[in-house]
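The values are calculated or read from the model by the stated rules, or taken from the named source; none is laboratory data. Bear in mind the structure is a predicted one, so any value in this text is a computation, not a measurement. Reconstructed Cβ throughout: ideal geometry from the backbone, glycine too, with neighbour counts over all protein chains shown. Accessible surface is based on the protein model in full, side chains and every heavy atom, while ligands, DNA and RNA are left aside. Shrake-Rupley method; radii C 1.70, N 1.55, O 1.52, S 1.80 Å.
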Amino acid sequence: MDDTKRYERLLNRYRDGDINRRTFLTALGAAGVVAGVTGGPMGMLARKAMAATPEQVRFDGWGGVVSEAFEKYAFAPYTKKTGIEVVSGTFGGADEYIARVKASQPGEFNLAHLSGVFDYARYHGLELTSELNEDNIPNLKNVIPTLVEPLRKITGGTISAVPYDYGTTGIAYNRKYISDDEAKAKGAKLMVDEAYKGKIGGWGEWKTRIWYGAMQSDQDPNNIQDIEAVWDMVRAHRDLALKYWSSGAELMSLLAEEEIYVTEGWSGRIKALQDQGHDIGYLDPAGGLGWQECLFVLRGSPMAACEELLNFMLEPEVAIAVAEGQSYPPALDPQKIELGEVIPTLPAFDPSGTLSSLSFFDPAYWNENEADWSKTFSRVQRGY
């Protein structure tokens, strides 16, 4: 039985109610299609097909609850089924991962989990894009057009990735110390409030710090007129913060242990904290930062196999199961696909499918300023 027939049979059993969601996710892992949004598992199948590394495969993800879910529902059953060991790695940010890709041998990585159009543009600039045959990905028609079009614009009409989910980087706060009303009234400026000195956190990533610095200085992050005012806000936040966090796991730990009361945070990770019983509020302020995550096929990958896997991952039942497990809305258009009861309760979910209430990084603008701004932030981070 070829891969397509196996996937179709598994999906039909799930649709018919013969297997529950947990069994479905476990079976996906055993088949090598992992219930998650990072790209490593697809690289597993591609490399298995090429017989490049039959003894083991490598997975790189964001760590924390995501990796824990992968280990439990995917890697263990996959290894049991195939005998192939999954070597699991983590990274703290896009810059770190792209450095690994640039230093790797061709074929070492096949699919990448990219966060945002900004990263897609960077990979294209490094000539790492491929060209997907969209005829082999019919489920792409169910994806929110707003998420696909920015990718086409960068690569001249073709695409090298499929959008898979989206979320926001909003304000997370402990309701024991900060009320919903206060958070709404202060918005992004809550994170430069001297009343919470030593109890403030923030992601130590230059783009996010500058974006919020622009909002705190009442500027459009995609059209900054006074960059010095932004750096003043970045410094003010730095001086009030307990520390910068570098991973989703660290973000969750700082909030759960009440080491910090307020920080910007990733919507899905905050939902996970709420599900664990922590009274954490979450707010997307006006002009809040939205992002999409896509599954990117690196140049030189086995295209037919990757396209088949991408199409399967976009099957509504699969994408919905993944979204419920990861707490990020799927890239599927809610005007075309019924998303069930859980997805509409997730932070950042837009029932209209337009995402018009969110703001996204303008890739051309931020790429143009990357060299200068990232260097300056590194100095500011060190206390200058």
So for the stretch 258-272 (the condition being out of contact with any Pro (no Cβ under 7 Å at 6 or more places or on another chain), farther than 30 Å from T129 by Cβ and assigned to a helix (DSSP H, G or I)), does at least one residue qualify? yes
Checked pairs for the stretch 171-189, first farther than 14 Å from Q216 by Cα, second aromatic (F, W, Y), C-beta under 7 Å and 6 or more apart or across chains, list as A172/Y282; Y173/Y261; N174/Y261; Y177/Y261; I178/Y261
### Message
G281 - would you say it is of a type in the set (G, A, S), touching a residue at least 24 places away in the same chain (Cβ under 8 Å) and under 30 Å from P221 (Cα atoms)?
### Response
yes
The correct count of residues that are open to solvent by 50 Å² or more (accessible area, probe 1.4 Å) and either of a type in the set (F, W, Y) or assigned to a helix (DSSP H, G or I) (or both) in the stretch 99-136 is 9
Checking I159, I224 in turn, the sole residue that is on the phi < 0 side of the Ramachandran plot, free of Cβ contacts under 8 Å to residues at least 40 places away in the same chain, in contact with a Lys or Arg (Cβ under 9 Å, 6 or more places away or on another chain) and surrounded by 17 or more Cβ atoms within 10 Å (Cβ to Cβ) turns out to be I159
For A99, the lone unmet condition from (1) modelled with pLDDT of 75 or more; (2) on the phi > 0 side of the Ramachandran plot is (2)
Quiz item: Going by the conditions given, is I280 within 22 Å of Y384 (Cβ to Cβ) and over 19 Å from the mean Cα position of the chain (by Cα)?
Solution: no
Considering residues that are open to solvent by less than 40 Å² (accessible area, probe 1.4 Å) and polar (S, T, N, Q), the number found within the stretch 360-384 is 3
Selection from the stretch 242-260 of residues more than 22 Å from the chain's Cα centre (by Cα) and either open to solvent by 20 Å² or more (accessible area, probe 1.4 Å) or of a type outside the set (A, V, I, L, M) (or both) yields L242, K243, E257, E258, E259
Log entry, pairs with first residue in the stretch 234-256 being part of a helix (DSSP H, G or I), second being surrounded by fewer than 19 Cβ atoms within 10 Å (Cβ to Cβ) and of a type in the set (D, E, K, R), beta carbons closer than 7 Å, six or more apart or on different chains, reads L240/E194; L240/K197
Taking the stretch 186-223 and keeping only residues that are outside any loop (DSSP other than H, G, I, E, B) and within 22 Å of N367 (Cβ to Cβ), one is left with W203, W206, K207, T208, R209, I210, W211, Y212, G213, A214, M215
Please work out if A348 is of a type outside the set (D, E, K, R), part of a helix (DSSP H, G or I) and surrounded by 15 or more Cβ atoms within 10 Å (Cβ to Cβ).
no
Scanning the stretch 323-338 for residues that are open to solvent by 30 Å² or more (accessible area, probe 1.4 Å) and in a helix (DSSP H, G or I), the one modelled with the lowest pLDDT turns out to be G325
For the stretch 152-165, the count of residues that are in a helix (DSSP H, G or I) and either touching a strand residue (DSSP E or B) at 6+ places or on another chain (Cβ under 6 Å) or of a type outside the set (A, V, I, L, M) (or both) equals 2
- Does N139 satisfy being in contact (Cβ under 8 Å) with a residue 60 or more places away in the chain and open to solvent by less than 60 Å² (accessible area, probe 1.4 Å)? yes
